[in-house]
Amino acid sequence: MSEKEIEPGLLPLNYYVNDSVFDSFFPEQIKKISKVHWTPLAIAKKAASFLAPVPGSRILDIGSGIGKFCIAAAHFFPDSEFHGVEQRKDLFNLAIEAQQRSEVNNVQFLHGNFTELSLEYYDSIYFYNAFAENMIDVARIDESIDYSPGLYAYYSNYLCKALENKASGTRLVTYHGYEHEIPIGYKMVEQDIRKPLKMWIKE
Ligand SMILES: C[S@@+](CC[C@H](N)C(=O)[O-])C[C@H]1O[C@@H](n2cnc3c(N)ncnc32)[C@H](O)[C@@H]1O
């Protein structure tokens, strides 16, 4: 067993509250970019408390990366269901490994582009500025995929339309997002400017 492999039931006590501890189970390159690309645990907890207002809530993380949001949210809200869709296969694989070492079974990761997935199943959506990588002069996860402002516009419009089609009462949390990406009809009901975290409900 390698240094960082752990047996089920032996997670460090602060695994879900200390970002460095959670991140320490990932490869060096993934740890290095954590502050910029993966949701901090405290943010995941706060976002999930809004996204899962009742047991049985079904939440999708669009662009789930290494699975940090889904796994932390699922730990804090074990009676809800968290799904994550991720386009990069290597990150999807890391999320599956992280799920196996974490003590959560209310998480499911899907590999693919979010445009291949219907949002119909979900009560709530989490969105950590996943398309920003396509803009110029931004920090990128890697150079393994094509980026372009055209893709940014395509994905943003696609998501905007999909959100428009959601039922009244749908909940959305954006972290580091842009307000112009959110369709009319979603009302911001809470925000934490310092984070910057915004909570929305479709009217
Ligand atoms: C800022 S990271 C957030 C990761 C995760 N949601 C979290 O909060 O820890 C955004 C992720 O979205 C993924 N992504 C970007 N565009 C995507 C798309 N069109 N379909 C699926 N995943 C996408 C990226 O590969 C990246 O892993």
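The table that follows gives values for the structure above.
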read-out: Low-density loop cleavage sites - chymotrypsin sites (Phe, Trp or Tyr not before Pro) in segment 60-144, where at most 10 other Cβ are within 10 Å (DSSP); value: TYR121
read-out: Percent antiparallel among DSSP beta bridges (both partners in segment 3-202, rounded to 5); value: 40 percent
read-out: Cross-link table LYS166/LYS195; LYS32/LYS195; LYS32/LYS187; LYS32/LYS161; LYS31/LYS187, entries beyond 29 Å C-alpha to C-alpha; value: LYS32/LYS187; LYS32/LYS161; LYS31/LYS187
read-out: Within segment 125-162, backbone nitrogen closer than 14 Å to the virtual label 7 Å beyond the Cα of HIS176 toward Cβ; value: 127-142
read-out: 10 Å Cβ shell holding at most 13 others, DSSP loop, trypsin sites (Lys or Arg not before Pro): longest site-free stretch of the chain; value: 5-193
read-out: Equivalent ellipsoid, segment 104-203 (semi-axes from 5 times Cα gyration tensor eigenvalues, Å); value: 22, 17, 15
read-out: Volume in Å³ per residue [convex hull over Cα atoms, computed for segment 3-202]; value: 117 Å³
read-out: For segment 134-188: rounded, prolate or oblate by the Cα gyration tensor [a/c cutoff 1.5]; value: prolate
read-out: Zone residues, segment 115-135, relative to ASN165, backbone N less than 17 Å from point 7 Å out along Cα-to-Cβ; value: 115-125
read-out: Approximate spin-label separation GLU190-ASP142, in nm, with each point projected 7 Å along Cα-to-Cβ; value: 3.6 nm
read-out: Where the Cα pairs of segment 110-149 fall when distances are cut into 5 Å bins, in %; value: 5, 17, 23, 24, 15, 12, 4, 0
read-out: For segment 130-203 versus segment 39-110, the gap between their alpha-carbon centres in whole angstrom; value: 18 Å
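Where a number appears in this text, it was derived from the coordinates with a stated rule and is not lab data. Source: prediction; values computed, not measured. So basically every Cβ, Gly included, is an ideal-geometry build from the backbone, and we count neighbours across all protein chains shown.
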